[in-house]
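*Asks:* The structure is given below, and queries will be raised subsequently.
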Amino acid sequence: MKNGEKCLLMSTNLTFNTLRAYLKISYDWDLKPYLDAGKLDFIYYPSHLTESIGRSGGFEGLREVTFRTGEGVTRVVIHGFSQLYSTVNDESLIMNMVYRLKEKVEKNRGIVLYLLDSGVQSRQFEENLKSICDYVLEIRDNEDVVEIRVSKAPIPHSLEWHGLFFSSSGVGVGAPTVKTGRKSLPVKTTLPSLKTFIESP
């Protein structure tokens, strides 16, 4: 958004005001100016809504996110993809949305990021989704340290965990860490695939 790109965020568990307050307090990021300027489109589609109105409600949510990923949208985030999966309960509908989003965003030379809780959806669906994605990034909390690694990439890569850092200027990735007793120590190495993913246009 700082670079002027058009972004779409769909959340199944956070209203815009809740997310805005959390990011402002935690990292001093304010989403409101981007929303007002038309650089951010936000869809709140809570899981309790789809649960109360059934499959048709889930279908509407999938259709809306696909429809609103229009021309010029280069970054799409589906926050709470596992909740969407659980409430829609139709793998073919969800996979259809994934393929359509992939096609639309690739035309815009953009990226779709699905935030997925491992083990919530069926293993087969999870593997199918990963097979469609160019990259699969795993995140874990480890003794108050958030770490990230690339588990799938189109180029050779390691499976090492790297520190993930959040600040008012953005998100950073550190060197890989190794365990020595209770502490994680950085190891000097390169991050080819992770660096490529984060910096690629």
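*Asks:* Using a 10 Å cut-off around each Cβ, can you sort T74, T87 from fewest to most neighbouring Cβ atoms?
*Replies:* If I rank by nearby Cβ atoms, fewest first, I get T74, T87.
*Asks:* Of K39/K102; K107/K152; K39/K130; K6/K152, which pairs sit farther than 25 Å apart, going by alpha carbon to alpha carbon?
*Replies:* Checking Cα-Cα distances, K39/K130; K6/K152 exceed 25 Å.
*Asks:* Treat the count of other C-beta atoms within 10 Å as a stand-in for reagent exposure and order F59, F67 from fewest to most.
*Replies:* Final ranking by Cβ density, sparse to dense: F67, F59.
*Asks:* Kindly put E160, E147, E71, E64 in sequence by how many other C-beta atoms sit within 10 Å of each C-beta, fewest to most.
*Replies:* E71, E64, E160, E147
*Asks:* Can you give me the convex hull volume of the Cα atoms of segment 10-49, divided per residue and expressed in Å³?
*Replies:* 63 Å³
Read-outs: derived from the displayed coordinates by stated rules, not from any lab. These numbers come from a predicted model, not from an experiment. Glycine gets a Cβ as well: all are built from the backbone with ideal geometry, and neighbour counts include every protein chain shown.
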